[in-house]
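Asks: Handing you this structure, nothing more for now.
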Amino acid sequence: MTSSNTDAGLFAYDLLGDGQFVERFGLDFEQFCPGQIFVHRPGVTLSQQDNVDEALDTINSAMLHYDAAYAQQTQFERPLMVSTITVQRLFGMGWKTFARRARIVRIDSITLTKPVFGGDTLYAESEILQTIADGAEAASVQVAVSGIKADGERVARIVYWCKVWRAGHGPGQGGEQAGTSAQEQRFESHRRLPDGRLIEQTGLFFEDFTPGEWFLHTPSRSVLREEAITHALRSFDWNPVHHELDGEGNTAITQTWLLAMVTPLTTRTFGRVTANLAWTDVEFGAEVRAGDTLRAQSEVVEKRESKSRKEQGILMVATRATNQRGDEVLRFRRSLLVYRRDAAAVYGDANY
């Protein structure tokens with residue numbers, strides 16, 4: 001495989017100020033070169049419910065995907081996963097490396113070599129085939145993405161062309177302009193494997209945190225009316241204020257769902273967490289409505305060793321979330337267990 005200094009030192013944070021960082025994802029066009037292979041993590045385990053939902057939502061008349069009695073009579077003997085689920089997931093799993101992708105221009109080929117079923121876990125790998133500097137703001141990259149099961153069996157290969165923003169162009173993440181790259185080892189976005197492939201990294205280890213450091217999380221999260229209603233109903237919160245529309249066509253967002261939306265926004269930095277231990281001082285501010293966009297930031301307040309789990313440490317983190325107008329909508333403190341760097345064999349064992 002060809003190597004280049006363009007893939008040496010890829011970092012997932014920009015420096016905003018002393019001890020202040022903003023999460024960044026995606027490589028600029030200039031950082032890609034032919035021969036690079038990116039190993040995307042995490043993977044995703046598909047379910048038969050995913051299969052049924054996709055087939056019914058897209059009016060798919062091929063009963064092989066959702067009628068087990070019929071599927072049992074076929075060569076597959078069980079429902080076959082809708083092919084376009086595989087395609088969507090393979091593109092989606094590469095988002096951390098290709099977050100600067102402006103658009104997909106064309107797909108040269110989609111080849112499905114093995115069947116996929118509910119219960120299978122899929123991973124994606126992308127190889128850069130060509131780069132063409134054919135645009136002032138965004139330029140062309142040809143990519144071959146492979147779908148691979150947890151046992152190593154390859155199930156799909158897709159070759160496509162996309163436009164990728166050049167450095168200094170395209171939309172900023174989280175409303176921030178590109179800053180100075182925080183070029184510290186703990187902030188590397190990819191780790192080079194012995195065979196030269198670049199595997200994505202998400203989250204910092206316990207040793208990487210220092211009390212007083214502050215992180216602005218990206219991407220932001222917009223609130224949709226339909227999912228607000230769905231989450232209220234599925235939470236058994238049938239208070240009509242959460243599912244009956246007001247005179248403006250809106251509905252009140254449940255505070256528990258707001259907490260459930262904001263907490264995951266922090267997982268790009270706190271991705272090595274093993275368990276949430278507690279939330280304290282949870283305070284709700286300005287009302288959140290459908291159409292609002294939430295952004296979160298966190299400060300590391302305290303860190304200490306775990307007395308019962310030597311391979312993990314405990315962080316105390318203060319998080320606050322604001323809307324697109326800068327109004328605070330939520331703040332809380334959270335205690336969480338985080339893996340130590342020298343005791344995280346679980347990642348290696350899972351090919352992470």
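No value in this document is a laboratory result; all are computed from the given coordinates. The structure presented is a predicted model; accordingly, all values stated were derived computationally and were not measured. Counting neighbours? That spans all protein chains shown, and the Cβs are built from the backbone with ideal geometry, glycine included.
Asks: Considering the alpha-carbon set of the range 272-340 alone, what are its Rg and its Dmax in angstrom?
Replies: For the range 272-340, the Cα-based Rg and Dmax read 14.5, 44 Å.
Asks: Using the basic label-point model (7 angstrom from Cα toward the beta carbon), what is the Glu77 to Arg234 distance in nanometres?
Replies: Each label point lies 7 Å from its Cα, and together they span 3.3 nm.
Asks: So if I take the alpha carbon set of the range 206-349, get Rg, then get Rh from the Kirkwood formula, what is the Rg over Rh ratio? Present the calculation step by step, with values, prior to reporting the outcome.
Replies: Values: Rg = 17.3 Å, Rh = 16.5 Å.
Ratio of gyration radius to Kirkwood radius: 1.04.
Asks: Looking only at Glu227, Glu287, Glu188, which one moves most when the chain is put into a Gaussian network model with springs between Cα atoms under 10 Å?
Replies: Among Glu227, Glu287, Glu188, the largest mean-square fluctuation in the Gaussian network model of the chain belongs to Glu227.
Asks: Within 10 Å, count the other beta carbons around each residue, average over each peptide in 150-161, 331-342, and list them highest first. Mind showing how you got there, number by number?
Replies: Numbers: 150-161: 15.2, 331-342: 18.4.
Ranking the peptides 150-161, 331-342 by packing returns 331-342, 150-161.
Asks: When only alpha-carbon atoms count, how far does the range 175-251 stretch along each of its three principal axes, as whole angstroms with the largest first?
Replies: Rounded to whole Å, the extents work out to 56, 29, 25 Å.
Asks: Still on this structure: Pop out the Kirkwood hydrodynamic radius of the range 79-199 from its pairwise C-alpha distances, inverse of mean 1/r, in Å to one decimal.
Replies: One over the average 1/r among Cα pairs gives 16.2 Å for the range 79-199.
Asks: Please give the direction-averaged projected area of the C-alpha convex hull for the range 125-176, in square nanometres with one decimal.
Replies: Working: hull surface 20.0 nm².
So the mean shadow area of the Cα hull is 5.0 nm².
Asks: Under the √(5λ) rule applied to the eigenvalues of the Cα gyration tensor, what semi-axes describe the equivalent ellipsoid of the range 9-55? Give them in Å, descending.
Replies: On the way: eigenvalues 220, 72, 17 Å².
Ellipsoid half-lengths, sorted descending, are 33, 19, 9 Å.
Asks: Against the 2.2 N^0.38 Å scaling, with N counting residues, where does the range 17-102 land? I'd like the Cα-based Rg ratio to two decimal places. Let's see the in-between values first.
Replies: Working: Rg = 19.0 Å, N = 86, 2.2 N^0.38 = 12.0 Å.
With N residues counted in the range 17-102, Rg over 2.2 N^0.38 Å equals 1.59.
Asks: So if we plug the beta-carbon distance of Leu245 and Ala278 into 1/(1 + (r/R0)^6) with R0 = 41 Å, what FRET efficiency do we get, rounded to 0.05?
Replies: It comes to 0.70.
Asks: Determine which lysines satisfy two conditions relative to Lys96: a Cα distance under 21 Å, and not lying fewer than 8 residues away in the same chain.
Replies: Lys149, Lys163
Asks: Separate question: Students often get this wrong: which residues of the range 66-98 have the backbone nitrogen under 20 Å from the point 7 angstrom along Cα-to-C-beta of Gln48?
Replies: 66-86
Asks: Sticking with this structure for a sec: Only Lys, Arg, Asp and Glu count, each charged at its Cβ (+1, +1, -1, -1), so figure out the dipole size of the range 1-107 about its Cα centre, rounded to 20 debye.
Replies: Around 260 debye, computed over the range 1-107.
Asks: Suppose every K and R has +1 on its Cβ and every D and E has -1 on its Cβ; what is the size of the dipole of the range 206-349 about the Cα centre, in Debye to the nearest 20? Please report the intermediate quantities before stating the final value.
Replies: On the way: 19 positive and 21 negative charges, 114 e Å.
That gives the range 206-349 a dipole magnitude of about 540 debye.
Asks: For a Förster distance of 35 Å, can you work out the FRET efficiency between the beta-carbons of Arg154 and Glu226, rounded to the nearest 0.05?
Replies: So, using R0 = 35 Å, E works out to roughly 0.45.
Asks: Still on this structure, I have one more. Select from Val39, Phe270, Ala138 the residue farthest towards the positive end of the dipole of the chain; place +1 on Cβ of Lys and Arg, -1 on Cβ of Asp and Glu, and compute about the Cα centre.
Replies: Highest projection toward the positive end goes to Val39.
Asks: So, one more: With both bridge residues required to lie in the chain, what share of the DSSP beta bridges run antiparallel, to the nearest 5%? Mind showing how you got there, number by number?
Replies: Values: 80 of 85 bridges.
Among the beta bridges of the chain, antiparallel pairing accounts for roughly 95 percent.
Asks: Could you give the dipole magnitude of the chain about its Cα centre, charging the beta-carbon of Lys and Arg +1 and that of Asp and Glu -1, in debye to the nearest 20?
Replies: 640 debye
Asks: Quote the convex hull volume per residue of the chain, based on C-alpha atoms, as a whole number of Å³.
Replies: Values: hull volume 63.0 nm³, N = 352.
Spelled out: Cα convex hull of the chain, divided by residues, is 179 Å³.
Asks: Okay, next question. Enumerate the whole-percent occupancy of each 5 Å bin, from 0 to the last occupied one, for all C-alpha pair distances of the range 247-298.
Replies: 4, 13, 27, 24, 15, 10, 4, 2, 1
Asks: Given a Förster distance of 41 angstrom, what is the FRET efficiency for Thr256 paired with Glu30, based on the Cβ-Cβ distance and rounded to 0.05? Provide the component values of the computation, followed by the final result.
Replies: Numbers: r = 44 Å, r/R0 = 1.07.
E between Thr256 and Glu30, to the nearest 0.05, is 0.40.
Asks: Using only DSSP helix segments of four residues or longer, with each worth -39500 (n - 2.57), what per-residue ellipticity at 222 nm results for the chain after dividing by its residue count and rounding to 500? Can you show the working numbers first?
Replies: Details: 6 runs with 50 residues, N = 352.
About -4000 deg cm²/dmol.
Asks: Have a look at Leu224, Ser235, Val346 and report the one farthest towards the positive end of the charge dipole of the range 206-349, computed about the Cα centre with Cβ charges (Lys/Arg +1, Asp/Glu -1).
Replies: Val346
Asks: Right, next: Return the distance in nm (one decimal) between the two label points of a simple spin-label model at Lys303 and Arg341, each offset 7 Å from Cα along Cα→Cβ.
Replies: About 1.0 nm separates the two model spin labels.
Asks: Net charge around Ala167, counting only other residues with Cβ within less than 10 Å of its Cβ (Lys, Arg = +1; Asp, Glu = -1)? Intermediate results must be reported in sequence, preceding the final value.
Replies: Numbers: positive: Arg100, Arg166; negative: Asp28, Glu30.
Result for the neighbourhood of Ala167: 0.
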